[in-house]
Structures are given as C-alpha cells and as structure tokens.
1. Just want to confirm a number: the relative contact order over the stretch 22-132, from Cα pairs under 8 angstrom separated by 6+ residues, in percent.
2. What is the local net charge at L100, summed over the other residues whose Cβ is closer than 11 Å to its Cβ (Lys, Arg +1; Asp, Glu -1)?
3. Go through the stretch 84-93 residue by residue and turn each phi into a ³J(HN,Hα) via Karplus (6.51, -1.76, 1.60, θ = phi - 60°); whole Hz please, and just put x for glycine and proline.
4. Say each of E193 and V125 gets a label point 7 Å from the Cα, pointing the same way as Cα to Cβ; how far apart are those two points in nm?
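Readers should treat all values here as calculations from the given coordinates under stated rules, not as data from a laboratory. What you see is a predicted model; the values in this text were computed from it and never measured. FYI the Cβ positions are ideal-geometry reconstructions off the backbone, even for glycines, and counts take in every protein chain you see.
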Amino acid sequence: MLDATLRPVKDKVLSPLARTPMGRLHPIAISAVGLAFTLGAAVAASQRLVWVAVTLWLLGRVADGVDGLAARATGRASDVGGLLDFVIDTIGYASVPLGLAVGIDTRTGWVVTALLLASFYVNAVSLGHVAALLEKRGRGAEQRGEPTSATMPRGLVEGTETIVFFSLALTFVDAAPVIWSVMAALVMITALERVRWAAGELS
C-alpha cells in the first residue's frame, strides 16, 4: 500500500550505500548477503534472541533495498537478477515466521504460522500470474515506468507493510500469533483484491 509512496524516500536514503564498497559487489552477491542476514534472523528468532533477530532482519531488508539500486547504478540490472531477488525474498519471508514458530513452539503458534504461509502462497500465485498476463499484453513494468523487473499491482500488504509486521512479530514474540493472524487476513484481502482488479483490467 505504501511502497509507491515511500520508494523515492527509500532510494534517497539507501543510495549512498550503493556507492560504498558494498555497492560495488555484484547485485546478486548483495542479495545473497541480505538472505544470510534474514536466515540469521530466523535462527535468532528460534532461540528467542529478540534484538539479534530484529537487527539481522532489518539489515537483511537494507541489503534487499541496496541490491536493486546497485544493479541500476552499475548497469547490471537484469531479468535474472530480478527473478533471483524475488526468490530470495520469498525464502526470507518463509524462514522468519518458521523461526518464530520454533521459538514459540505452541500449537496456536504453528497453526497461525501455517495460515500466514498459506496466505503468502495465494498472494504469490495471484501476483505472479497477474504480472505475467500484463506482460503478455504489453502492459508490464517497463510500459508502466516501474523500476522493478515485473509489475507489482498495489495492495494492502506490500514490502513496507511486511517489514513492519515482521519487525513487530520479532519484537513482541508472545504477541506474534495475533500479529500473524492480522497479517494473514490482510494478505488474503490483498490477493483477492489483485484478482478482482486484474479481472477488470484484463477483460
């Protein structure tokens, strides 16, 4: 919901990092560093190391923001890089809730985590298929002037909201099942709204 509004702010804040030695790494290597941080956050969450988990999670998101900037700044942006970035993000988004579920280790925690991951699955399928259909009709990211490798129709829960929800769940571990429940409901609404929007856009 907020990604389009906050993207210029994010790019302005993170652009200096793209000009540091980190930014001179291959963008895929920066994505891999971000994944390592995120997986570390998942492990820390499984041990209920709250501030370690939150710090690693946020460092992973910083790396995820820098990789695309570095790719564009060095002329190394590619469809393969965009695909790998999406896959790496998905791995991270699955690992952190699972790490928290291990740390909480209650029936409720596991059930809510399963519901959250199921909502991610539905959302990813709807998002990917809508993007593919728009590209097929010549109305994809390039035609829309979007900096991403594939178009990302707006929704209630996007990257910004995901960072907020995950940060809250990692910080307030005992409240994580409630936080995940709210997020799962909003992600499902996002997926259904994208399908509704696409049905009208592509008819």
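1. Once normalised by length, the contact order is 32 percent.
2. Numbers: positive: R48; negative: D105, D174.
Neighbourhood net charge equals -1.
3. After applying 6.51 cos²θ - 1.76 cosθ + 1.60, I find 4, 4, 5, 5, 4, 4, 5, 4, x, 5 Hz.
4. Spacing of the two 7 Å Cα→Cβ label points: 2.1 nm.
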